[in-house]
Every structure is written in structure tokens, then in C-alpha cells.
1. Kindly indicate which of B:Ala31, B:Ala50, B:Ala27 is surrounded by fewer than 19 Cβ atoms within 10 Å (Cβ to Cβ) and either of a type in the set (A, V, I, L, M, F, W, C) or over 21 Å from A:Phe45 (Cα atoms) (or both).
2. Looking at A:Ala75, A:Ala91, can you tell me which residue is out of contact with any Leu (no Cβ under 6 Å at 6 or more places or on another chain), within 30 Å of A:Val134 (Cβ to Cβ) and not aromatic (Phe, Trp, Tyr)?
3. Among the residues of segment A:96-115, what is the count of those that are part of a loop (DSSP other than H, G, I, E, B) and either modelled with pLDDT under 95 or within 14 Å of chain B (Cβ to nearest Cβ) (or both)?
4. If you scan segment B:56-85, which residues turn out to be in contact with a helix residue (DSSP H, G or I) (Cβ under 9 Å, 6 or more places away or on another chain), assigned to a loop (DSSP other than H, G, I, E, B) and over 26 Å from B:Thr3 (Cβ atoms)?
5. If I ask for residues that are among the hydroxyl-bearing types (Ser, Thr, Tyr) and part of a helix (DSSP H, G or I), which ones from segment B:8-31 would you list?
6. Please give the number of the condition B:Leu77 fails out of (1) surrounded by fewer than 13 Cβ atoms within 10 Å (Cβ to Cβ); (2) in contact (Cβ under 8 Å) with a residue 24 or more places away in the chain; (3) aliphatic (A, V, I, L, M).
7. Taking into account only those residues within segment B:8-37 that are touching a His at 6+ places or on another chain (Cβ under 8 Å) and under 20 Å from A:Ala32 (Cα atoms), which is farthest from the other protein chains (Cβ to nearest Cβ)?
8. For the subset of segment B:51-64 comprising residues that are over 12 Å from B:Phe86 (Cβ atoms) and free of Cβ contacts under 8 Å to residues at least 40 places away in the same chain, which member is nearest to the other protein chains (Cβ to nearest Cβ)?
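The values are calculated or read from the model by the stated rules, or taken from the named source; none is laboratory data. Note that this is a predicted model, so its numbers are computed, not measured. As a convention, Cβ positions derive from the backbone with ideal geometry for all residues, glycine included, and neighbour counts pool all protein chains shown.
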Amino acid sequence: MHGERSPVDSHRLFSLVGKMHDKRYRDNYVVAHTRRVLAQQMRNFRGELPQGEFGELIGKRQTVVSRLENPNYGAWQLRTMFEIASKCNVAVFVRFVDFPTFLKYTNDLSDEALHPESYREEAMDEFVAYETAVNEFFITSGIASSAGLVDVENVNDRTDASVLSNVFNQRNIAMPETGNLRGVQQIAPVGLRSSSIPSVTATGPGFPLVANNPFSIEIDTMASGD
Amino acid sequence: MITFRCYETKTVGIHRWLGDQPPEFRAEIDAVLELIQAAKGLDEILSVKALRGKCDGLTEIKIDFSLETELIHIRILGYETRNSEFILLFPFRKRGGPDYGTACRSAFTRKRGVERDARRAQPCRFP
């Protein structure tokens, strides 16, 4: 997905929010989700290689590879994560977050998320071009961005697909096929705490942004959460 | 994407069983099933295994985890259908050896029930 921001799965969100009222559930869900995603990512990094051969590539013994692929293994060390990330040429993202943020950033379980792409110069350039164009769209259309391009608050509905189209054309970036703007029931973390806070989520395969990629900007004036 | 359907009757079923489990168990089960749901195919998922022998025709979802000092082993028996559907039939906590005899018999009974009447397995999502 190369950084694609998926709209939050509302079924998952509402279900988890309900279940997470129970501290025992939410504490264990964080552990279980994290542990199992890490194990699956480790398995995906290896691909068709035997554990021993993959271990040689990342400088670990076969037994260590086996352990890291075990979804029940819960003793990951940051140092090990950094070492593997370096060998696989990907990044690691670890921080303490509030639960709404956790829900948002654990929403994506796509193939691309579970098998992140190795560092690629072109992907970085495309990322910058995409972000710049979308950001310009928000500015041009009068939308104030207080938190980058996602979770834009204080949004009104003064959006226009033609503005976005112009922005992309001026920058000579492949225009998304549809450039559609559509209202969706989109939930941002902040919406869990207060009602009637509008949010915007920009989505698109986008990274790398190439012709024929479908694209959408989803905009919502949200009133939910309480 | 894998689509789940859950065996449910008025008296027994996946959700009724889940509701009887401690929150720690439910959290772990949700996390496993959520990953499976997002997968393109079951073969790429670490915790899924086709069964053989007396249980041939069934697939198990293995959910192993530690809770304090205790090792917990949950198994959900089911089967894959066309269209990337997986029917969850019979969940249980494994406490002994590898013999799934009783559990597989129950799962097969439920499977026959679903094959007779598909309404016994309703679409379901996790978490």
C-alpha cells in the first residue's frame, strides 16, 4: 500500500470501541494484535526461502527466525526489530499512543501493510509529489489542515474535484481516474470523544502515484461517536 | 479477503461460545480472526492448518497464547468453501493431546447441518 491511508473500517471501529470498554479485553487485544502482525510480517519477509537461508540474510539463526514467526512469541526486543528492519530495508514505527490512534493505525491489514516495500528512491519522490499535490488541493479549496493531510479538522464542504484536477495537472502528476469526492461516514479518532467534528480522509493507492491508479478523496461532515 | 460464516443455532454456536469466554480469550481470538479475514488465502496464514485422519475435510484455526503463566490453546474447526468463505463450526479449548476425535465429530455434525441448511451459518465478522 506504500503509505496509502485507508478509510477506517467502521464495523471494526464500532465493534472494538464497544469491546474496549473492558480493560482486560483492550489490554490483551493490543498485545495479541501487535504480536500476530509482527509474526505475519516476519513470515512474509521470508517469502519462499527456508528459515535457515532467510536467517543468513538477516544475520539470525534459523531458530531465531522460527521464534520470530511464532504468533505466540511475545518477547520482541527493539534492537532485534531495528536489525531486521535494516536488513529488510524497511522502517520500524513504535510509540505509545492513545487508543483511538491505535485503532486507526492498526486498521490496515492489507498485503502491502503486512509486507512493506523495501526502500525505493522513486517511491519517496512519488510520495512527496502526491503529498504536495493533495496538500495544495486542501489549501486551494479552503480547507485548513491542522494535522497534515489526514484527519483534517474544521472542514467544510467547499471541495471541488476540478480544483484537485488543476493541482495535479499543474504539477504534471498523473491525475487519478475518477478524482471523485464523495461523502462517507468516516470516523476519525477525535470523533470518538466528541460529536459533530468533521473529518477528512484522503485515500489513494497514490504511493507510487501512477496513471490508472484509482483514487478517491473521501469527505465527511461527521456526527457520530456519542 | 476471507469471508467468515458462523455456525449458530438457538442454543449453540460460535458467538454464544465466544460470549462465555474471558475477555483475554476473546481479544486473542478477535486478533487472529481479523488477520485471517484480511488475507487473500488461508495458505498464507500462520495459524491455519488443514486436518487429516479422522478430521480430514476440516481445517483448524490455532490460537495459542500465554496468560500469566498458563498456556492457552484455542481451536476453531471449520472448512473453506468456494468464494473464499470459511465456515466456523466448532470452537473449543484444547487441554490434552492431539486427539480431536470428539471435537471433529461435533464439527462434522454441524457441517452436515450447514450443508443441509445454509442459514445455519450466517455471515460474521471479527472483531
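1. Details: B:Ala31 fails: surrounded by fewer than 19 Cβ atoms within 10 Å (Cβ to Cβ); B:Ala27 fails: surrounded by fewer than 19 Cβ atoms within 10 Å (Cβ to Cβ).
None of the others qualify; the one that does is B:Ala50.
2. When all the criteria are applied, what remains is A:Ala91.
3. 6
4. Of everything in segment B:56-85, nothing turns out to be in contact with a helix residue (DSSP H, G or I) (Cβ under 9 Å, 6 or more places away or on another chain), assigned to a loop (DSSP other than H, G, I, E, B) and over 26 Å from B:Thr3 (Cβ atoms).
5. Start the filter on segment B:8-31 by keeping residues that are among the hydroxyl-bearing types (Ser, Thr, Tyr), which leaves B:9, B:11.
Passing the criteria: none in range.
6. (1)
7. Taking segment B:8-37 and keeping what is touching a His at 6+ places or on another chain (Cβ under 8 Å), we get B:8, B:31, B:34.
Filter again for under 20 Å from A:Ala32 (Cα atoms), leaving B:31, B:34.
Working: B:Ala31: 4, B:Glu34: 7 Å.
Within segment B:8-37, the match that is farthest from the other protein chains (Cβ to nearest Cβ) is B:Glu34.
8. Within segment B:51-64, the subset over 12 Å from B:Phe86 (Cβ atoms) is B:51-57, B:62-64.
Within this subset, residues satisfying the condition of being free of Cβ contacts under 8 Å to residues at least 40 places away in the same chain are B:52-53, B:56, B:62-64.
On the way: B:Arg52: 22, B:Gly53: 25, B:Asp56: 25, B:Lys62: 9, B:Ile63: 9, B:Asp64: 5 Å.
My answer is B:Asp64.
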